[in-house]
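Reading through the structure tokens given below for one structure.
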Amino acid sequence: MSRIEHAEVFVASPARNFVTLRITTADGVTGHGDATLNGRELAVASYLRDHVVPLLIGRDAARIEDTWQYLYRGAYWRRGPVTMTAIAAVDTALWDIKGKVAGLPVYQLLGGRCRDGVLVYGHASGSDVPSLLDDVARFREAGYRAVRAQAAVPGVGGTYGVRKGAIYEPAAASLPDEQPWDTEAYLRFAPTYLRAVRERYGFDFHLLHDVHHRLTPVEAARFGKTVEEAQLFWMEDPTPVENQESFRLIRQHTTTPIAVGEVLNSIWDVHHLITEQLIDYVRTSVVHAGGITHLRRIFDLAALYGIRTGSHGATDLSPVALAAAVHLDLAVPNFGIQEYMEHAPETMEVFRCGVTLADGLLNPGDAPGLGVDYDEKLAARFPYNPRYLPVARRLDGSVHDW
Ligand code: GCO
Ligand code: MG
């Protein structure tokens, strides 16, 4: 038995903020977990440091499921992004340790490969339609088999999903950026650029689009119907997801596939969406939905209903989360697609990560564990930098879902 000797929480900002947990066993084996919750980083760091680390010391590092149950049931207070991100970090670090102890990459412990590689989608965006079309071409030339397309809605400043520099980053310093939103302008404009992408480049690649919770159910139904000819791989987060029932209305009106889950944290949050077949892809992630152990449980439930996976993988999830996702994606039968956004060079210097991209497919490499190392000395040169996600306001000044 190898006992946990210590656990450290690192908060650093190599190009953006990341919270990273490192667990070390008495035998000197280390494992890493991502604990980043964009714009609420320190809440998770405190949950871990103040409330979880003391419970880990002396525990058997091999007992992953038992530790999960202990942290989840043992807290009495359940679910929610902060709790589930903290539990995820512990769970991910323990899988990393188990792999290193066994001398096997984590995907082998999960049952081994189901596929040659993990299909990813890249993020094309533009400030207008011509620049979006150029960006789609760039991803296709780089070998991507699936591309998400987002363009800034004319007259609506700072549309989500549109990259300004080389790396997409919506979080802003000091107070949240307040961005206007006009649903009618979006509903008129977005279908035109999705059509333009198909007209220019045809249908031999997957095209995706993120609605980012902006529409009511009936507006989402109208959007889904309008874009059917573009044959989207999915429309993502068409409406806010607190009310799982509301997806039934969208479903009744359109065959455009639906993907949901990046803000959800537990199997109970997706229970009705899955068992009533209201969605096609479940997008929960390792980091925000309780780690590899809990995500596998969600994916297995989804498999029973013919629903595939499509985990969140934006740049605010660290390379540790990406590696964990890729190991799981390789091993689950109902894998669909993995979101992938390139991290900044500073991020990749701090997190040395064995994940590689070739021909539009990711592979985790064969290093034992997750195959990611964290350079804490280098990370210390990038201190935490408080940032907030934007807030959206409708034209009348009232708050909308960002
Ligand atoms: C996506 C997303 C993100 C989120 C971000 C919030 O990649 O599909 O919607 O870019 O907005 O992860 O922190
Ligand atoms: Mg999204």
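The values are calculated or read from the model by the stated rules, or taken from the named source; none is laboratory data. These figures come from a predicted structure and were not determined experimentally. A quick note on method: Cβ atoms are made from the backbone with ideal geometry, for glycine too, and the neighbour counts reach across all protein chains shown. Quick note on the areas: whole protein, heavy atoms, side chains included, nothing else; ligands and nucleic acids left out. Shrake-Rupley method; radii C 1.70, N 1.55, O 1.52, S 1.80 Å.
Applying 0.36 nm per residue to the separation of E229 and E242 and subtracting their alpha-carbon distance, the gain on full extension is 1.8 nm. Dipole orientation for the chain: of the candidates L132, G112, P170, G112 has the Cα lying most toward the positive pole (charges on Cβ; Lys, Arg +1; Asp, Glu -1).
Between S127 and A102, full extension at 0.36 nm per residue minus the direct alpha carbon distance yields a gain of 4.1 nm. The residues packed around A221, meaning those with a beta-carbon under 13 Å from its beta-carbon, carry a net charge of +2 if Lys and Arg are +1 and Asp and Glu are -1. Please check: in the Gaussian network model of the chain (C-alpha springs, under 10 Å), which one of L317, L55, L104 has the largest mean-square fluctuation. Answer for the Gaussian network model of the chain: L55.
Treating each Cα of the range 109-213 as one equal point scatterer and applying the Debye formula with no solvent, the log10 of I(q)/I(0) at q = 0.21 Å⁻¹ comes out as -1.11. Rg over Rh for the range 4-105 works out to 0.96, both radii taken from alpha-carbon positions and Rh defined as the Kirkwood radius. Per-residue 3J(HN,Hα) values for the range 62-78, derived from phi via the Karplus relation 6.51 cos²θ - 1.76 cosθ + 1.60 with θ = phi - 60°, read 7, 8, 5, 5, 5, 5, 4, 4, 4, 6, 7, 6, x, 7, 6, 7, 10 Hz in sequence order (x marks Gly and Pro). Equivalent ellipsoid of the chain: semi-axes from √(5λ) of the C-alpha gyration tensor, largest first, are 34, 22, 21 Å. Placing unit charges on the Cβ atoms of the charged side chains and taking the dipole of the range 203-242 about its Cα centre, the candidate lying farthest along the positive direction among A230, P217, P240 is P217. Placing +1 on each Lys and Arg Cβ and -1 on each Asp and Glu Cβ, with no other charges, gives the range 109-368 a dipole about its Cα centre of roughly 540 debye. Put a plus charge on the Cβ of each Lys and Arg, a minus charge on the Cβ of each Asp and Glu, and nothing anywhere else: the dipole of the range 46-113 about its Cα centre is then about 100 debye. Indicate the gyration tensor shape class of the range 311-370 (rounded, prolate or oblate), computed on the Cα atoms with a ≥ b ≥ c the square roots of the eigenvalues: a/c under 1.5 is rounded; otherwise a/b larger than b/c is prolate and the rest oblate. Prolate. Mean separation of Cα pairs under 8 Å and 6 or more residues apart, divided by the residue count, gives the chain a relative contact order of 23 percent. Of all the options P191, P319, P238, the one that moves most in a Gaussian network model of the chain with Cα springs shorter than 10 angstrom is P191.
Bridging of K100 to aspartates and glutamates at a Cα separation below 13 Å is possible for D27, D366, D373, once same-chain residues fewer than 8 apart are set aside.
Positive contributions from Lys and Arg (+1) and negative ones from Asp and Glu (-1), summed over other residues with Cβ under 13 Å from the Cβ of V44, come out at -2.
Rounded to the nearest 0.05, what FRET efficiency do Y76 and D359 have when you use their Cβ-Cβ distance and R0 = 45 Å?
In this case the efficiency is close to 0.40.
Accessible area per residue for the range 4-105 is 38 Å², calculated with a 1.4 Å probe on protein heavy atoms, without ligands, DNA or RNA. Solvent-accessible area of the chain (1.4 angstrom probe, protein heavy atoms only): carbon and sulfur portion equals 52 percent. Between the residues H6, Y72, V19, the greatest Cα displacement towards the positive end of the dipole of the range 3-122, with unit charges on the Cβ of Lys, Arg, Asp and Glu, is found for Y72. Taking N363, N243, N17 as the candidate residues, the one with maximal mean-square fluctuation in a Gaussian network model of the chain, Cα springs under 10 Å, is N243.
If a spin label sat at a point 7 angstrom from the Cα of A344 along the line to its beta carbon, the backbone N atoms of the range 167-185 nearer than 12 Å would be those of 167-173.
How much accessible area per residue does the range 109-368 have, counting only protein heavy atoms and a probe of 1.4 Å, in square angstrom?
Ligands and nucleic acids excluded, the figure is 37 Å² per residue.
Treating the beta-carbon of each Lys and Arg as +1 and of each Asp and Glu as -1, no other charges, what is the dipole magnitude of the range 45-189 about its Cα centre, to the nearest 20 debye?
Roughly 580 debye, rounded to the nearest 20.
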